[in-house]
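**Student:** I'd like to ask some things about the structure below.
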Amino acid sequence: MSSLEGSHRWIRLIEPACTSCMICVRECPTWCISLDSHAEPVAGLPFGARERTRNVLDRFAIDWSLCMYCGICIEECPYDALEWVGEFTQPGFTSEALVEEMVRPPS
Amino acid sequence: MTEVAAEDWLAAVEALKADGFDYFDWLGCVDDIGRRDCLRVVLVVRNLSQGAETRMLSCSLPRDEARIDTVHGVFAGAAWHEREVAELFGVEFVGGERRRLLLNPEFEGTPLRKDEVLAARTGMNWPGAKEPGEHDVSPGRRRLVPPGVPDPAVWGDRDASQPTPDPAEVAQSAVGGRPRRRRT
Amino acid sequence: MRWVDWYGDGSLYVLDVALACCALEFDAASSSSPAPLPPLEDRAQLAVIISGTVTDRLAPAVVAIVDGCEQQAGRRPMVISFGACASSGGPYWDSYAVTKGVDQLLGVDAYVPGCPPPPEALSAVLDRVAGRVVS
């Protein structure tokens, strides 16, 4: 499989790898990524340990009407949580339909 | 690049053409704000019979009164380049055509001058203004300012009691790059 | 105005409003050259593809083209916004001279994301709007 396979066609979020660091949102030149997260305390720490929090991703959306498929978000993500996908992005019949929500709601 | 005074501009272009540089390449403008208080009109001509040798002329004009002779009598093709520079930089070409080339007739302003801020992004909520783990932008924190948006201390939503910033400061503050903390 | 007989059978005629780079993808997707519109059968559909950035200066011309198509053909064509620029202004949404999406000017029947979208994306969306594919 060549390294160009699937590139610049569609972007997928690998949700378990995302830490809500906001780097992709900030680096995007067209401001097409929206991210919501909240901090939760980490459970199960040993007795006497300092309280720690971790970020929980609530919402990750890309507005495909703005995205210019530059791939900067994929390159900048420190956790490799974004990747190119081989199929092309689906068309929409309204402008709102082009905003893709990528976080599965909690079951 | 040869620097020419505004009063010698037409004569210098005519002299180059007489010298065999009769292929007009382009005419453009550079806003030197921050370095010098000038708009610099640049013209490039070539001598196609001499291995496409190039000559570049430049003329610095004061930003508040940028006026220079038209050269479209020497090179007819310069007319469109001059119209573009006139509407985007606010340079007056004496004897030149005043019709707009690229901008809408109702458009106001000279958008390529560096102190004219591209305001569209200042009016939009930047999705990157939130911190990691933050669900909404909390009002109290020092915020990040994205690339291309001028520093709020200098343009837009700034403190009116502070002295008016220098146009060079405004131009510098909108220079792109990484997100930066706003000055408070 | 010159139209491409997309399937070669007179069922769908497509006009490209070639504004910018997306127009090249249209050329790659179309299998025949554009030609003046022949007399239309009742079943024939028309589609106008807006390919590229709609500048404020050209916005009236884009509207005039679609209105002109309707007059010429006697039916309103489908309008397809092809690429990010036509859909929202794309990477140039913040420009002083760009209309933020052709839907500010016209009703749009389908939006194709991409910068530019691959030619297959145009073929696929035309198959959908022409009713050749049940989604």
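The values are calculated or read from the model by the stated rules, or taken from the named source; none is laboratory data. All of these numbers come straight from a predicted model, not from anything done at the bench. Because the Cβ atoms are built from the backbone with ideal geometry, glycine has one as well, and the counts that use them run over all protein chains shown.
**Student:** Within the group C:Y13, C:Y7, which residue is of a type in the set (F, W, Y) and in a loop (DSSP other than H, G, I, E, B)?
**Tutor:** Details: C:Y13 fails: in a loop (DSSP other than H, G, I, E, B).
Just a single option satisfies the conditions, and that option is C:Y7.
**Student:** What number of residues in segment C:79-108 are out of contact with any helix residue (DSSP H, G or I) (no Cβ under 6 Å at 6 or more places or on another chain) and among the acidic types (D, E)?
**Tutor:** Number satisfying all stated conditions: 1.
**Student:** Within segment C:53-75, restricting attention to residues that are under 26 Å from C:R43 (Cα atoms) and free of Cβ contacts under 8 Å to residues at least 12 places away in the same chain, which residue is surrounded by the most Cβ atoms within 10 Å (Cβ to Cβ)?
**Tutor:** Just the residues of segment C:53-75 that are under 26 Å from C:R43 (Cα atoms), to begin with: C:62-75.
Next, from what is left, pick out any that are free of Cβ contacts under 8 Å to residues at least 12 places away in the same chain: C:64, C:67, C:70-71.
Working: C:A64: 10, C:D67: 12, C:E70: 14, C:Q71: 8.
Among those that are under 26 Å from C:R43 (Cα atoms) and free of Cβ contacts under 8 Å to residues at least 12 places away in the same chain, it is C:E70.
**Student:** Out of C:C69, C:C85, which single residue is within 24 Å of C:P117 (Cα to Cα) and either assigned to a helix (DSSP H, G or I) or away from chain B (no Cβ under 14 Å) (or both)? Before you say what the answer is, go through the steps one by one.
**Tutor:** On the way: C:C69 fails: within 24 Å of C:P117 (Cα to Cα).
Step by step, each of C:C69, C:C85 is checked, and only C:C85 is within 24 Å of C:P117 (Cα to Cα) and either assigned to a helix (DSSP H, G or I) or away from chain B (no Cβ under 14 Å) (or both).
**Student:** While we're on this one: Any residue at all in segment B:62-77 that is of a type in the set (S, T, N, Q), over 15 Å from the mean Cα position of the chain (by Cα) and buried (at least 17 other Cβ atoms within 10 Å of the Cβ)?
**Tutor:** Of all residues in segment B:62-77, those of a type in the set (S, T, N, Q) come to B:70.
Add one more test, that the residue is over 15 Å from the mean Cα position of the chain (by Cα), and what stays is B:70.
Within this subset, residues satisfying the condition of being buried (at least 17 other Cβ atoms within 10 Å of the Cβ) are B:70.
Yes, segment B:62-77 contains at least one residue that is of a type in the set (S, T, N, Q), over 15 Å from the mean Cα position of the chain (by Cα) and buried (at least 17 other Cβ atoms within 10 Å of the Cβ).
**Student:** Give segment C:88-120 a look and list any residue that's closer than 16 Å to A:T89 by Cβ, facing another protein chain (nearest Cβ under 8 Å), crowded, with 19+ Cβ neighbours inside 10 Å and in contact (Cβ under 8 Å) with a residue 24 or more places away in the chain, or say none. Explain how you work it out, then say what you get.
**Tutor:** From segment C:88-120, those closer than 16 Å to A:T89 by Cβ are C:88, C:90-91, C:110-120; that's our starting set.
Okay, now just the ones that are also facing another protein chain (nearest Cβ under 8 Å), so C:88, C:90-91, C:110-115, C:117-118, C:120.
Retained after the next criterion (residues that are crowded, with 19+ Cβ neighbours inside 10 Å): C:88, C:90-91, C:110-115, C:117.
Hits for segment C:88-120 are C:G90, C:P91, C:A110, C:Y111, C:V112, C:P113, C:G114, C:C115, C:P117.
**Student:** Between a first residue in segment B:120-147 that is on the phi > 0 side of the Ramachandran plot and a second residue that is among the small types (G, A, S) and surrounded by fewer than 18 Cβ atoms within 10 Å (Cβ to Cβ), which pairs have beta carbons less than 7 Å apart while being 6 or more apart in sequence or on different chains?
**Tutor:** B:G133/A:A39
**Student:** Here's a follow-up. When the residues of segment B:12-25 are narrowed to those that are aliphatic (A, V, I, L, M) and surrounded by 11 or more Cβ atoms within 10 Å (Cβ to Cβ), which ends up farthest from the chain's Cα centre (by Cα)?
**Tutor:** Of everything passing the filter in segment B:12-25, B:A15 is farthest from the chain's Cα centre (by Cα).
**Student:** Right, another one. Could you tell me which residue of segment C:121-135 is farthest from the other protein chains (Cβ to nearest Cβ), considering only residues that are among the β-branched types (V, I, T) and in a helix (DSSP H, G or I)? Even if it seems obvious, please write down each step before you answer.
**Tutor:** Start the filter on segment C:121-135 by keeping residues that are among the β-branched types (V, I, T), which leaves C:125, C:129, C:133-134.
In the following step, the residues that additionally are in a helix (DSSP H, G or I) were identified as C:125, C:129.
Values: C:V125: 5, C:V129: 9 Å.
Filtering first and then ranking leaves C:V129.
**Student:** Cβ-Cβ below 8 Å, separation at least six or inter-chain, first residue in segment B:48-61 and assigned by TED's automatic domain parsing to the domain that holds B:Y23 and at pLDDT 95 or above, second acidic (D, E) and not in a strand (DSSP E or B): which pairs?
**Tutor:** Listed pairs, sorted by first residue: B:S60/B:D32.
**Student:** Tell me, which strands (runs of 3 or more DSSP E) wholly within segment A:6-76 include 2 or more residues that are free of Cβ contacts under 8 Å to residues at least 40 places away in the same chain? If you could, list the steps in order and put the result at the bottom.
**Tutor:** On the way: elements: A:10-13, A:33-41, A:53-63.
Here the list reads A:33-41, A:53-63.
**Student:** How many residues are over 25 Å from A:C67 (Cβ atoms), assigned to a loop (DSSP other than H, G, I, E, B) and charged (D, E, K, R) when one looks only at segment B:91-146?
**Tutor:** Final tally of qualifying residues: 12.
**Student:** With under 18 Å from B:A6 (Cβ atoms) and in contact with a Cys (Cβ under 6 Å, 6 or more places away or on another chain) as the only criterion, which of B:V94, B:V85, B:V74 stands out? Break it down into steps so the answer makes sense when it comes.
**Tutor:** Working: B:V94 fails: in contact with a Cys (Cβ under 6 Å, 6 or more places away or on another chain); B:V74 fails: in contact with a Cys (Cβ under 6 Å, 6 or more places away or on another chain).
Residue meeting the stated conditions: B:V85.
**Student:** Something else: Which condition breaks for B:V41 when tested against (1) in a helix (DSSP H, G or I); (2) under 26 Å from C:Y96 (Cα atoms)?
**Tutor:** Just one mismatch for B:V41, condition (1).
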